[in-house]
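The values are calculated or read from the model by the stated rules, or taken from the named source; none is laboratory data. Here the structure is a predicted model, which is why all the values come from computation and not from measurement. Neighbour counts run over all protein chains shown; Cβ positions are idealised from the backbone, glycine included. Just so you know, the surface numbers come from the protein's heavy atoms only, side chains and all, with ligands and any DNA or RNA stripped out. Shrake-Rupley method; radii C 1.70, N 1.55, O 1.52, S 1.80 Å.
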Amino acid sequence: MKFDVIVVGGGFAGLYMLHRARGLGLAARVFEAGSGVGGTWYWNRYPGARCDVESLEYSYQFDERLQQEWRWSERFAAQPEILRYADHVADRFGLRSDIQLNARVAAAHFDESARCWTVRSADGQAATARYLVMATGCLSVPNRPALPGLERYAGAVYHTGAWPHDKVDFRGLRVGVIGTGSSAVQSIPLIAAEAKELHVFQRTATYSVPAHNGPLDSAYEARVKADYAGFRARNSQMPNAFGSNLPRNESSALAATPAERQRAFEARWRHGGLFLLGAFGDLILDAQANETAAEFVRDKIRATVRDPALAERLLPRQRIGCKRLCLDSGYYETFNRDNVELVDLNDAPLEGATPQGLRAGGRDYALDAIVFATGFDAMTGALARIDIRGRGGRALREAWAGGPRSYLGLAVAGFPNLFTITGPGSPSVLTNMLVSIEQHVNWIAECIAQLNARGHATIEALPQAQDAWVAHVNAVAERTVYPLCNSWYLGANVPGKPRVFMPLLGFPAYAKKCEEVATAGYEGFALA
Ligand code: NA7
């Protein structure tokens, strides 16, 4: 099988890439490991799974009729609705005929003489293409900590990122959840409401703000839809490519009085959503300013959790925001339930599994089900699992052994005609992913069109441009509190992973840079 473009992954990135490639008259094929489209929203079916960016923003903007006609039911859409949307897009644009499902790509090798990529799936099928686009997602490889004895555990084991398709019934069961990141924060209230007992195994207490989710206000929807393009344009100018309804206040938290700070934080807390850290301009830049927001949330936890000793153990101590902020519906309140117990792994380290449950701090917890809410091998995990080989047979894994190196988060030196959608070194996970995906797909599509028009066969990032870009991404992060805690942004959640800050802060400047690179005839790239 020979194509112009092979796309790996059938999530939102892969679907739109296919649509654009077809629009250019290219023969394109998507290989998707799952048995359906939707990527993140195909795999993450755990109770309470929901997007933390508002529905009217977490959706495609490339087609005016699509965005006018689709109706979201809630302010923050839940997983089943987002998956229905992905399926709707696949049908509406007739994409399915070029999507091969149940096809996990195992290898992709660049042939220097033929100047094309050969892609092999795990079941041995092969296909070639001039261009290879990795739409493999940033949070698509579950992180499964090695837990001694797990193979002998007799109960059910789940991971939030690879949840069964049929509803899991926790009624009457004793359940253990490991982790307190977003997936745990979303699922814990629902599991607690159903299970007989819930034991939450917490390694790092988390900051969470209320979503204040509810039915989508139809008057608000009508206002947005009356000028959707304008709304999108305003959001694209936000640092995280969303939230133009409540932009960041650029003044300093330290220059404000305690009463002013309290008012500003409280207003954003009430608004709901990920707006809290936009209350002042220096919250992610300055440790002391950051502490004012952190203490505001700690006070909320103290006010919510009735048992002061328990509240104390739920108080996060790291800088707020340097691990991704969580959005919840009743997370801290859940710890007031009689059937919920917090196990603080700092006092009682997790020793492993027994045939009956988990053992921590010398105590056995009898459990009918264990839920790993332990996150993902983020940003590089999916790429590292594929045997990608560029010039001279060099493996991407080897090129990235010390951490990912990329030019613009779009291309890697030594790997011609390979593009990474929302790759490390681009704003990706720090933004509304749909906006970043569309920006990358548009850039890649335009690039391929230009190469074809000018008769070029390859494009490849120059090592010096890549080095400068990696230095730039690091320099931007160093000015903030982001590198100061053990987050998945840094790869710190996966033992042995190099500690490198992977995403780039600041969408508008990044998008402008990408445009300038293209306008300057693909500056920093070699074309041949
Ligand atoms: P996260 O945010 O990576 O959270 C994973 C949680 O699991 C976090 O609390 C971790 O603690 C904990 N964890 C990970 N490994 C272990 C081990 N070995 N032992 C105990 N606890 C562990 O993943 P999510 O799925 O919740 O969210 C990912 C993103 O999806 C989220 O940011 C949104 O963008 C959507 P730690 O903090 O590392 O101490």
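Using beta carbons and a limit of 9 Å, which pairs, at least six apart or on different chains, have the first residue in the stretch 459-475 and open to solvent by 20 Å² or more (accessible area, probe 1.4 Å) and part of a strand (DSSP E or B) and the second one of a type in the set (S, T, N, Q) and modelled with pLDDT of 95 or more?
Within 9 Å, the pairs are Glu460/Asn417.
Of the conditions (1) in contact with a strand residue (DSSP E or B) (Cβ under 7 Å, 6 or more places away or on another chain); (2) modelled with pLDDT of 95 or more, Ala13 clears all except one; give me its number.
Going through (1) in contact with a strand residue (DSSP E or B) (Cβ under 7 Å, 6 or more places away or on another chain); (2) modelled with pLDDT of 95 or more one by one, Ala13 breaks only (1).
Tell me, please, whether a residue that is within 28 Å of Phe376 (Cβ to Cβ), within 16 Å of the ligand (Cβ to nearest atom) and among the aromatic types (Phe, Trp, Tyr) can be found in the stretch 472-486.
Residues of the stretch 472-486 within 28 Å of Phe376 (Cβ to Cβ): 472-486.
Among the residues that remain, those that are also within 16 Å of the ligand (Cβ to nearest atom) are: 481-486.
Those still in the list that are among the aromatic types (Phe, Trp, Tyr) too: 482.
Yes, that holds for at least one residue.
In this structure, does Gly375 turn out to be among the small types (Gly, Ala, Ser), within 16 Å of the ligand (Cβ to nearest atom), modelled with pLDDT of 95 or more and over 25 Å from the mean Cα position of the chain (by Cα)?
Judged against the criteria, Gly375 is not a match.
Among the residues of the stretch 317-360, how many are acidic (Asp, Glu), within 12 Å of the ligand (Cβ to nearest atom) and open to solvent by 50 Å² or more (accessible area, probe 1.4 Å)?
Quick first cut of the stretch 317-360, residues acidic (Asp, Glu) only: 328, 333, 338, 341, 344, 347, 351.
Narrowing further to those that are within 12 Å of the ligand (Cβ to nearest atom): 328, 344, 351.
Now narrow it down to the ones that are open to solvent by 50 Å² or more (accessible area, probe 1.4 Å): 351.
Result for the stretch 317-360: 1.
Find all pairs meeting these conditions: Cβ atoms under 8 angstrom apart; at least six residues apart or on different chains; first residue within the stretch 377-388 and touching a residue at least 24 places away in the same chain (Cβ under 8 Å); second residue away from the ligand (no atom under 16 Å from the Cβ) and of a type in the set (Val, Ile, Thr).
Here the result reads Leu383/Thr420; Ile386/Val8; Ile386/Val105, each pair linking the stretch 377-388 to a residue that is away from the ligand (no atom under 16 Å from the Cβ) and of a type in the set (Val, Ile, Thr).
Of the residues Ala509, Ala526, Ala471, Ala492, only one is at pLDDT 95 or above, within 19 Å of the chain's Cα centre (by Cα) and among the hydrophobic types (A, V, I, L, M, F, W, C); which?
Ala492
Test Gly176 against the stated conditions and say whether it is free of Cβ contacts under 8 Å to residues at least 60 places away in the same chain and of a type in the set (Gly, Ala, Ser).
Numbers: free of Cβ contacts under 8 Å to residues at least 60 places away in the same chain: no; of a type in the set (Gly, Ala, Ser): yes.
No: the conditions fail for Gly176.
If you check Ala253, Ala241, which single one turns out to be open to solvent by less than 20 Å² (accessible area, probe 1.4 Å), within 16 Å of the ligand (Cβ to nearest atom) and either more than 22 Å from Arg65 (Cα to Cα) or touching a residue at least 24 places away in the same chain (Cβ under 8 Å) (or both)? Can you show your working first?
On the way: Ala253 fails: within 16 Å of the ligand (Cβ to nearest atom).
Exactly one of Ala253, Ala241 is open to solvent by less than 20 Å² (accessible area, probe 1.4 Å), within 16 Å of the ligand (Cβ to nearest atom) and either more than 22 Å from Arg65 (Cα to Cα) or touching a residue at least 24 places away in the same chain (Cβ under 8 Å) (or both), namely Ala241.
Yes/no matrix, rows are residues, columns are (1) touching a residue at least 40 places away in the same chain (Cβ under 8 Å); (2) near the ligand (Cβ under 10 Å from one of its atoms):
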| site | (1), (2) |
| --- | --- |
| Gly124 | no, no |
| Pro142 | yes, yes |
| Ala154 | yes, no |
| Val157 | yes, no |
| Gly161 | yes, yes |
| Arg171 | no, no |
| Gly181 | yes, yes |
| Val185 | yes, yes |
| Ile191 | yes, no |
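Does Val429 fit the bill of being of a type in the set (A, V, I, L, M, F, W, C) and within 14 Å of the ligand (Cβ to nearest atom)? Working first, answer last.
Values: of a type in the set (A, V, I, L, M, F, W, C): yes; within 14 Å of the ligand (Cβ to nearest atom): yes.
Spelling it out, Val429 is indeed of a type in the set (A, V, I, L, M, F, W, C) and within 14 Å of the ligand (Cβ to nearest atom).
List pairs: first residue in the stretch 392-413 and basic (Lys, Arg), second residue assigned to a helix (DSSP H, G or I) anywhere in the structure, Cβ distance under 8 angstrom, at least six positions apart or on different chains.
Arg397/Ala384; Arg405/Ala399; Arg405/Gln466; Arg405/Asp467; Arg405/Val470
Can you tell me how many residues in the stretch 172-195 are open to solvent by 10 Å² or more (accessible area, probe 1.4 Å) and assigned to a helix (DSSP H, G or I)?
7
Pick from the stretch 145-170 the residues that are in contact with a Leu (Cβ under 9 Å, 6 or more places away or on another chain) and either β-branched (Val, Ile, Thr) or within 28 Å of Gly423 (Cα to Cα) (or both): which of them is least open to solvent (accessible area, probe 1.4 Å)?
Among them, the one singled out is Gly161.
Could you check the stretch 202-232 and list, in sequence order, the residues that are open to solvent by less than 10 Å² (accessible area, probe 1.4 Å) and touching a Gly at 6+ places or on another chain (Cβ under 6 Å)?
Scanning the stretch 202-232 gives a single hit, Ala211.
If I ask for residues that are over 27 Å from the mean Cα position of the chain (by Cα) and open to solvent by less than 10 Å² (accessible area, probe 1.4 Å), which ones from the stretch 118-139 would you list?
In the first step, residues of the stretch 118-139 are kept if they are over 27 Å from the mean Cα position of the chain (by Cα); the result is 118, 123-130.
Within the stretch 118-139, Ala127, Ala129 meet the criteria.
How many residues does the stretch 405-438 contain that are surrounded by fewer than 24 Cβ atoms within 10 Å (Cβ to Cβ) and under 21 Å from Gly273 (Cα atoms)?
Total meeting the criteria: 3.
Could you list all residues from the stretch 236-259 that are touching a Gly at 6+ places or on another chain (Cβ under 7 Å) and either acidic (Asp, Glu) or assigned to a helix (DSSP H, G or I) (or both)?
Glu250
Restricting the search to the stretch 193-236, which residues are closer than 30 Å to Glu351 by Cβ, within 16 Å of the ligand (Cβ to nearest atom) and of a type outside the set (Gly, Ala, Ser)?
Here is the first cut: in the stretch 193-236, the residues closer than 30 Å to Glu351 by Cβ are 193-208.
Filter once more, so that each one left must be within 16 Å of the ligand (Cβ to nearest atom): 198-208.
Leu198, His199, Val200, Phe201, Gln202, Arg203, Thr204, Thr206, Tyr207, listed by residue number.
Cβ-Cβ under 7 Å, sequence separation 6+ or interchain: first residue in the stretch 494-506 and touching a residue at least 60 places away in the same chain (Cβ under 8 Å) and surrounded by fewer than 21 Cβ atoms within 10 Å (Cβ to Cβ), partner assigned to a loop (DSSP other than H, G, I, E, B) and of a type in the set (Gly, Ala, Ser). Which pairs?
The qualifying pairs are Lys497/Gly491; Pro498/Gly402; Pro498/Gly403; Pro498/Gly491; Arg499/Gly491; Arg499/Ala492.
Here are some residues: Ala311, Ala303, Ala382. Which one is at negative phi, assigned to a helix (DSSP H, G or I), modelled with pLDDT of 95 or more and touching a Gly at 6+ places or on another chain (Cβ under 7 Å)? Talk me through it step by step, then tell me what you get.
Numbers: Ala311 fails: touching a Gly at 6+ places or on another chain (Cβ under 7 Å); Ala303 fails: touching a Gly at 6+ places or on another chain (Cβ under 7 Å).
Of Ala311, Ala303, Ala382, the one residue that is at negative phi, assigned to a helix (DSSP H, G or I), modelled with pLDDT of 95 or more and touching a Gly at 6+ places or on another chain (Cβ under 7 Å) is Ala382.
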